[in-house]
Amino acid sequence: MDLIAPLARRQLVVVTGKGGVGKTAVAAVLGRCLAARGRRVLVVEVDPRENLHQMLGVPPTGGEILRAADRLWVQNLKPRQVLDAVVRERLKVELLVRRVLASPIYHHFSEGAPGLSELAILGHALRLLRGLDADAPELDTVILDAPATGHGIRLLASPLLVSEVIRNGPFADMARELAAFLADPGPGGRHPGRGDAGPGGARDAAGARRAGAARAGVAGGQRVVSAAPPGRQGRQGRSAGGALAAAAAAQ
C-alpha cells in the first residue's frame with residue numbers, strides 16, 4: 001500500500017501530534033520523499049528553536065527559504081514576517097507602510113490578536129503556493145512542521161476564529177480565503193498528518209484529533225506511529241523511529 005501517494009497530490013501537508021514524538025523528523029522525511037517523487041517541496045518549521053535544518057543537513061535558515069536538495073527547501077518561519085508582508089502588499093505606498101509597521105497599535109495588534117500568528121503561518125503557505133512571493137521558488141507542496149496537538153488544532157482553527165472576530169480588511173480577507181482552502185477536499189486543499197508515540201500515544205491523540213479537526217473544519221490524514229529501534233531511547237530515538245516509519249510508508 002502506497003501511503004505517500006495521497007500526499008503527493010496535496011498542496012498543503014500539516015504534521016502535528018503529541019510533543020516529542022518525532023514530528024520534525026517525519027516532516028523532514030516526508031519532504032525528501034515527495035521531492036524524490038518530483039514535487040517541489042518547502043518544509044516550514046514554526047518552532048523558534050530551529051531544529052529542522054539539522055535533519056536536512058543545512059545551516060540555520062534565519063527565516064529565509066534555504067535550498068536543502070533538488071526540489072526541496074526549508075524555512076524556519078517567523079509569523080511577524082508574514083503579517084508585515086501582508087501590510088506591504090496591501091498598502092503599496094512606502095510612506096504608509098513605514099508608518100503602519102512603526103505604529104504601537106499595529107505592534108500590539110499583531111502580537112496579541114487571537115489566532116493572528118497562526119493565521120500568518122497558514123497564510124504564508126498559501127501565498128507561496130499561489131506564487132505571490134517573487135523571491136520564493138515555485139512550489140507544489142508546503143509541509144508544515146506544526147506545533148503539538150493542542151496548538152496544532154488552534155493553528156488549523158485560526159481562519160474560522162479570525163474571520164469571526166475581524167470582519168473587514170486584509171486579515172479578514174486572508175482568513176476567509178484560508179478557511180475555504182482548508183475545507184477544500186480536492187487536491188488544492190490540505191491534508192493534516194500526525195505523529196503519535198506508539199499505540200498508547202495514538203489512542204491518547206485520537207479523541208483530541210477528531211474533536212480538533214471538527215472545530216477546524218478539516219479532516220485528518222495518515223498517522224505515522226513512532227517506534228524507536230532497539231537501543232535507541234529518548235528524544236533522539238523517538239525521532240529516528242518516526243523518520244523510519246515515514247520512510248517505510250514511502251516504499
For Thr16, state whether it is closer than 21 Å to Ala157 by Cα and among the hydroxyl-bearing types (Ser, Thr, Tyr). yes
So, first residue surrounded by 24 or more Cβ atoms within 10 Å (Cβ to Cβ) in segment 142-158, second residue of a type in the set (Ser, Thr, Tyr) and at pLDDT 85 or above, Cβ within less than 6 Å, six or more apart or across chains; the pairs are Asp145/Thr24
Taking first residues from segment 75-97 that are within 18 Å of Asp145 (Cα to Cα) and second residues anywhere that are of a type in the set (Ser, Thr, Tyr), the pairs with Cβ under 6 Å that are 6 or more apart or on different chains are Gln75/Thr61; Asn76/Thr61; Pro79/Ser117
Picking from Arg39, Arg80, Arg67, Arg49, the residue that is surrounded by fewer than 23 Cβ atoms within 10 Å (Cβ to Cβ) and under 30 Å from Gly169 (Cβ atoms) would be Arg80
Practice task
Return yes when Arg90 is exposed (fewer than 15 other Cβ atoms within 10 Å of the Cβ) and not hydroxyl-bearing (Ser, Thr, Tyr) and no when it is not.
Solution key: no
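Yes or no, residue by residue, for (1) touching a Lys or Arg at 6+ places or on another chain (Cβ under 8 Å); (2) at pLDDT below 85; (3) of a type in the set (S, T, N, Q):
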residue	(1), (2), (3)
Ile105	no, no, no
Ala113	no, yes, no
His124	no, no, no
Glu138	yes, no, no
Thr141	yes, no, yes
Ala148	yes, yes, no
Pro159	yes, no, no
Leu182	yes, yes, no
Conditions (1) under 15 Å from Thr141 (Cβ atoms); (2) touching a Leu at 6+ places or on another chain (Cβ under 9 Å) -> Val87 fails only (1)
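The values are calculated or read from the model by the stated rules, or taken from the named source; none is laboratory data. Keep in mind that this is a model prediction, so the values were computed, not measured. No Cβ is skipped: glycine too gets one built from the backbone with ideal geometry, and neighbour counts run over all protein chains shown.
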